[in-house]
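*Asks:* One structure coming up, written as structure tokens, with questions to follow.
The values are calculated or read from the model by the stated rules, or taken from the named source; none is laboratory data. Here the structure is a predicted model, which is why all the values come from computation and not from measurement. Quick reminder, even Gly has a Cβ in these numbers, built from the backbone with ideal geometry, and neighbours come from all protein chains shown. For the accessible areas, the whole protein counts, side chains as well, though only heavy atoms, and no ligand, DNA or RNA atoms are used. Shrake-Rupley method; radii C 1.70, N 1.55, O 1.52, S 1.80 Å.
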Amino acid sequence: MAPSPFGRSPVFQGMCDGYHHGTLPTAPPDRTALTRRATIAAGAGLLMAGTLGASTGAIADTGRSPRVGAARRSRLTRGTRLLHADLHNHTLLSDGDGDPALAFDSMRSAGLDVAALTDHATLSDNLLGDVLAGLLPPEYSQLGGITRTDWHQTRAYADAANVDGAFTAIRGFEWSEPLLGHVNVWFSEHYTDVLEAGLMQPLLSWLRREPGLVLDGGADGLAGFNHPGREPGRFQGFHYDERVRDRVVSLEMFNRRDDFVFEGYADGRSSPLVACLNAGWRTGIAGCTDEHGTDWGFPEGKGRTGMWVTDHSRAGVKAAMRARRFFATRTSGLRVDATATPRRGTPHRMGSVLSHDRGAVRIRVDLARDASWIGRPLTVQVLRPGTDAPTVGARRGVPGRSRRRLPGACRRGGRRLDAAADRGPVRAERHPRTRGPPLQRPGGGLHQPVVVRAPGGLIPYGSAVTKLGRATLLWMIPVNLLLLVWVWIGRIVFGVGGWFFVIFLVSVVPVVLIALTLTTALAYTQDGRPRALTRVQAWAQLVTWIGLLGFGAFCPDFGDTDDSQISLLTQVFGQSDSLIDLSVTITIAFGLLAVAAYVVLLVALVFARRDSGTITE
């Protein structure tokens, strides 16, 4: 395997079986249909493919045709089976070279279980589009993209090829803005073209809109960012709209033979993976061939996607994509599954959200291909978003055909690792902080998204941002200011006032102001996007607010005479020394509650800034 670009750090539990599980076809089917762009487009396309360079060391260069694949059942999880998918392909309906009538048959013959046609949508989502397509030369579709007739035709091809339980054929389109980037949309009844050049929001608003008779919409579809960073606008900085967060499900990291994890980094730009996650999106990681030729599904070494479905159908595939239960690879027939288990918690599958603040997380990886992979050295990394590039949360290399006991945390398990025959797991171990580019300081705990990078594949885990944590953070500044005033003079609402107004102004108020400013600053400078408090931090903040609210409400006050003591209770029930004493007791109780909760909040915020997400045994 080629050296990792992430440098040194620590890893995981890997599984690799050595069984033959069926052979995929080794040659594309015979095609007799004439392609109308054979002379004008194929040359340029082949030149581009030829200049993309060799695949990385994680990819088995097995030639042009797919070979043997692994078994479809995970050794870690139950209830799903693996499907091999390619969700990004083109035909002569836009800028491809092949007959769309042959595309799905080719991909099924190549051994794919799920395939999509996603021809470009640029200018022709209107009645004029069909007129121009009929009047102008065929090359117009390279610029104008699919028309409404093409869209209906693609559906007919997909419906004819789709066989539940055997092959899932999906109609989609690629929204193509030449400067911002391209976005795939699948499963939608309608399609849309570039409504306003230079802006992402019109597309995101279309994805929010329910399809109707008057205005079409894409709320029934799912979307994904394609080849991120190839176009200079990078989706307008991955413009974020929380209202469609659940519908934007994928980020292409492997497109054709290109790896986009560090696209643009050498030129001073941030990693597209980091930029997307830090913007707030929670995407799965996808791979695709982005095929423009005529051998859909067959070229080896190009991107593709593995997905874990409960049902081999369009509904099952859509559910798996919504759950982000898929991974990117450039190796046909590869099986990758993963679980993440917090200490004293239950395993979470790929794409899941971990409601986890800090402490150990155990990650297990099931990886298999065929007999040629037995004894191959394996390296697994856990990546987390840094500022400009991914950080390595943990890493472990397993030597090929090694039967030695591994040191440190691995040996304490008392189990033997056989990389060739999979007789035991590899456990995660503690690692030192990483330094220097492209690695950044790990931080923010495990409320950040993470990506598991295994040989040949990328696996997503989601950000455990809760609505409570997000809302609490957004209300911190206004609520803190209101409660600061409340502690100072809030009891005047109940007709209670006196010398504490002056005393608190020079004593309690400055202390509370400094304390609340400190925790607010720590909260808003935590790593991770979208910004949010962890569950512990959010509850500690809420209890702190309750304490301050009670303190300001029940605190008694006094004037210039001995009988001038007054409180909320005396205002409600009448003047009484016992009620004054009770008011003092309640005030002290709320004050202690606020102090205790504040200490918990402060400690949680401080520890979150340390490497609390380090993965250990």
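*Asks:* I'm checking my understanding of the structure. Among residues of the range 561-588 that are in a loop (DSSP other than H, G, I, E, B) and in contact with a Gly (Cβ under 9 Å, 6 or more places away or on another chain), which one is farthest from Val508 (Cα to Cα)?
*Replies:* Per the criteria, the residue is Ser564.
*Asks:* To continue, here is another question. How about the range 467-494: which of its residues are small (Gly, Ala, Ser) and farther than 22 Å from Leu602 by Cβ?
*Replies:* Selection gives Gly490 alone.
*Asks:* Do we find a residue being of a type outside the set (Phe, Trp, Tyr), more than 19 Å from Glu189 (Cα to Cα), at pLDDT below 95 and surrounded by 14 or more Cβ atoms within 10 Å (Cβ to Cβ) anywhere in the range 216-223?
*Replies:* Within the range 216-223, none of the residues are of a type outside the set (Phe, Trp, Tyr), more than 19 Å from Glu189 (Cα to Cα), at pLDDT below 95 and surrounded by 14 or more Cβ atoms within 10 Å (Cβ to Cβ).
*Asks:* Being closer than 22 Å to Leu367 by Cβ and either surrounded by fewer than 24 Cβ atoms within 10 Å (Cβ to Cβ) or of a type in the set (A, V, I, L, M) (or both) is the requirement here; does Ala279 meet it?
*Replies:* Criteria not met by Ala279.
*Asks:* Still on this structure: Name the single residue that is farthest from the chain's Cα centre (by Cα) among those in the range 492-521 being open to solvent by 30 Å² or more (accessible area, probe 1.4 Å) and polar (S, T, N, Q).
*Replies:* Ser507
*Asks:* Tell me which residues, restricted to the range 139-163, are open to solvent by 10 Å² or more (accessible area, probe 1.4 Å), in a loop (DSSP other than H, G, I, E, B) and either among the hydrophobic types (A, V, I, L, M, F, W, C) or at pLDDT below 95 (or both).
*Replies:* Result: Glu139, single match.
*Asks:* Follow-up question, since we're still on this one. Can you tell which of Gln526, Gln541, Gln537 is open to solvent by less than 40 Å² (accessible area, probe 1.4 Å), of a type in the set (S, T, N, Q), modelled with pLDDT under 90 and farther than 30 Å from Phe573 by Cα?
*Replies:* Only one candidate qualifies: Gln526.
*Asks:* Here's something else I'd like to know. Exactly one of these conditions fails for Val261: (1) modelled with pLDDT under 90; (2) more than 16 Å from the chain's Cα centre (by Cα). Give me its number.
*Replies:* For Val261, the exception is condition (2).
*Asks:* For the subset of the range 235-271 comprising residues that are of a type in the set (Asp, Glu) and more than 12 Å from Gly303 (Cβ to Cβ), which member is surrounded by the most Cβ atoms within 10 Å (Cβ to Cβ)?
*Replies:* Glu263
*Asks:* Do we have Leu251 as in contact with a Ser or Thr (Cβ under 6 Å, 6 or more places away or on another chain) and either at pLDDT 90 or above or over 27 Å from Pro100 (Cβ atoms) (or both) here?
*Replies:* It is true that Leu251 is in contact with a Ser or Thr (Cβ under 6 Å, 6 or more places away or on another chain) and either at pLDDT 90 or above or over 27 Å from Pro100 (Cβ atoms) (or both).
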